[in-house]
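J.: Pasting a structure here, questions to come.
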Amino acid sequence: MTPSAFAVPIENYIGLSAVIFFLGVTGVIVRRNPLIMLMSIELMFNAANLALITFAKAWVNAAGHIFAFLVITVAAAEAAIGLAIVVVVFRRAAHVDVDEIATLHG
Amino acid sequence: MSPPIPYVNSADLHALLPTTVIAAAGLLALVVDLFMSAGRARRWIAVAIAAAGLVIAGVLTAQQYGHSYPAFGGAYMQGGFAVVLGEIAIFATLVSLGLGIGIGRDDQVAGTTAIVLWSTCGALLMAGAGNLMMIFLGLELLSLGLYCLCAMSVRSAARESGLKYLLLSSMASGFLLYGMALLFGGTGSVALAAISAAPPSPLIALGAGLFLVGIAFKLSLVPFHSWTPDVYEGAPLSVTAYMSVVTKAGALGVLGRFAYAALPPATANAILLPVWTVAAISMIVGNLAALQQIDMKRLLAYSGIGQVGYIVAAFAGQTPLGLRYAIFYLAAYTFMNLGAFAVVALMLKDADGSLGVGAFAGLAYRRPWLAAAMTFFLLSLAGLPPTAGFTGKILILASSVGAGYWWLSVLLIAGTAISVYVYFKIVRAMFVRVDEAHVRAERSTNPLPWISIAVCAAAVFVLGIYPLAPSDIIPLAK
């Protein structure tokens with residue numbers, strides 16, 4: 001398979017992945033709800049997955065596909081731990097907002 | 001087109017044997033705990049199993065010294081500096097587990113011990129990683145364990161530190177991962193060696209930039225350091241001690257391999273100049289911020305930011321001597337920093353508590369041996385003879401001046417001057433006579449930190465007299 005096998009030009013895939021990545025970064029920085037922040041982090045990871053798979057197809061190298069599977073697995077573990085920690089932190093709080101927890105002054 | 005992946009042979013498995021032993025010790029600690037009745041013995045059994053696994057892994061790692069071998073088709077580099085970094089991570093794990101005989105309540109200790117051991121596996125994989133996938137896997141294995149460990153306490157500050165670390169560190173992982181994806185796009189291979197062979201392109205430059213942002217965050221270099229003091233303050237003492245050394249060992253392994261073996265020589269200096277700059281800023285800002293701290297864990301966090309700046313500065317110019325000296329200084333930092341943490345542990349009744357700088361007032365008259373040990377470790381952290389901190393700084397200065405980075409050397413000396421003031425505030429407090437009634441004097445009943453203090457003090461002294469910098473530091477076996 002050659003790069004010409006892309007029905008849509010490769011730049012579009014990478015452009016989309018860059019947009020998703022930027023959305024993810026913005027989400028983590030702007031949003032104050034830890035659940036949304038975790039979702040934004042997932043967006044960043046999945047932007048990288050899209051880029052990895054696109055490049056894997058362009059270079060005809062299966063390593064990119066394997067890498068993407070690895071990232072999916074790790075992201076699942078990260079989400080599991082993240083949700084557990086959010087539950088532990090906000091169990092007694094009425095609503096979740098990272099600005100409400102300020103025992104540690106940064 | 002990438003070369004076909006060769007079949008796994010016994011030499012590959014042998015390269016990962018230390019990591020396997022540590023992971024198995026974690027499983028064993030969990031299984032044995034199932035058959036234990038409630039009580040303090042549970043703690044000791046879990047920690048003893050972990051210690052046995054770590055000692056075996058340490059011996060196995062030492063046997064790999066000087067035997068470089070690219071295992072799993074170059075995914076894991078056995079030998080080279082991975083051996084020394086691995087030993088540092090293993091030693092730090094042993095000391096941290098000893099600070100409070102495991103982490104958490106009696107019924108949690110087996111679980112936390114297993115998580116600590118598996119995190120150490122992640123650090124070992126990072127130290128030996130030869131391709132991007134292994135770096136990511138090692139980093140996440142280390143980080144995922146640390147998120148849990150930080151939150152492993154009933155104090156709300158600890159849980160908060162876990163959440164903060166999780167959100168900020170995952171974001172840094174996202175940067176690192178996207179950088180890796182771009183590097184893969186620029187080279188068509190996940191191997192680090194392929195990056196230096198590929199023609200320079202914007203994809204590689206941008207990918208390397210994002211990758212380095214992620215690593216700078218994990219190393220807590222200024223301006224990516226804001227999480228460090230909060231997480232260090234909130235986490236249990238043993239976890240803080242563990243994090244301060246093991247993450248640095250893993251991340252410095254990645255940065256060292258990336259700076260020395262992965263970047264194309266033509267563009268390496270331009271790509272890495274921002275890294276030396278943030279290292280220089282870290283030396284100054286870390287030590288300045290440490291001046292104002294009244295909590296011991298926060299103070300050690302800021303001091304660590306300054307120290308990691310010194311270590312990264314040794315990489316400047318990518319001279320082979322610089323790599324040796326950086327590893328030497330990391331070893332020195334491990335001993336002096338863990339020594340200081342052991343002293344703090346002995347001054348706390350509960351290893352989950354926190355200690356203000358005020359608790360050191362008059363310590364020399366109450367507990368002279370402890371005060372003497374703390375003075376020695378602080379001398380070393382400040383970089384005064386006859387300690388490993390002094391020798392390490394002289395070596396780093398020699399290497400950065402030799403590589404033509406005069407401005408780094410000047411800032412290193414300036415940072416050291418500030419840090420002397422930080423550390424001597426504590427030394428002065430220890431030797432001032434105070435009214436006993438005004439000092440919150442606690443004691444730990446756990447004797448293990450004394451062993452750590454003895455070993456660390458001996459190591460700081462020996463390395464201060466004779467700098468045993470490792471000679472086998474091949475970053476990437478071809």
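J.: What average count of beta carbons from other chains do you get within 10 Å of the Cβ of residues in B:135-144?
T.: Average per residue, whole number: 3.
J.: Where in region B:5-91 are there chymotrypsin sites (Phe, Trp or Tyr not before Pro) that are in a DSSP coil and have at most 11 other Cβ atoms within 10 angstrom of their Cβ?
T.: Filter output for region B:5-91: B:TYR7, B:PHE35.
J.: Scan around B:TYR76 for amide H atoms under 5 Å from its own, H built in the peptide plane at 1.01 Å from N, and keep only partners 5 or more places away or cross-chain.
T.: B:ALA71, B:GLY130
J.: Calculate how steeply helix B:265-290 sits against the longest principal axis of the alpha-carbon atoms of chain B, using the helix alpha-carbon long axis, and give the answer as 0 to 90 degrees to the nearest 10.
T.: 10 degrees
J.: Just checking the output field for B:156-166: average partner chain Cβ neighbours within 10 Å of each residue's Cβ?
T.: Counting Cβ atoms of other protein chains within 10 Å of each residue's Cβ and averaging gives 6.
J.: Report the number of Lys pairs in chain B whose alpha-carbons are under 20 Å apart, with separation of 8 or more residues or on distinct chains.
T.: 9
J.: Using only Cα positions of the protein assembly as shown, each an equal point scatterer, no hydration layer, compute I(q)/I(0) via Debye at q = 0.08, 0.09 Å⁻¹ and quote the log10 values to two decimals.
T.: Summing over Cα pairs of the protein assembly as shown leads to -0.51, -0.65.
J.: Relative to the longest principal axis of chain B, what angle (0 to 90°, nearest 10) does the C-alpha long axis of helix B:388-402 take?
T.: Computed tilt is about 30 degrees.
J.: What value, in deg cm²/dmol to 500, does the helix sum -39500 (n - 2.57) over DSSP H runs of n ≥ 4 give at 222 nm once divided by the residues of chain A?
T.: -25000 deg cm²/dmol
J.: Any chance you could give the angle, 0 to 90 degrees and rounded to 10, that helix A:10-30 forms with the longest Cα principal axis of chain A?
T.: Value to nearest ten degrees: 10.
Taken together, the values in this text are just the output of simple stated rules run on the coordinates, not laboratory data. Note that the coordinates shown come from a computational prediction; the quantities given were computed from them, not determined experimentally. Counting neighbours? That spans all protein chains shown, and the Cβs are built from the backbone with ideal geometry, glycine included.
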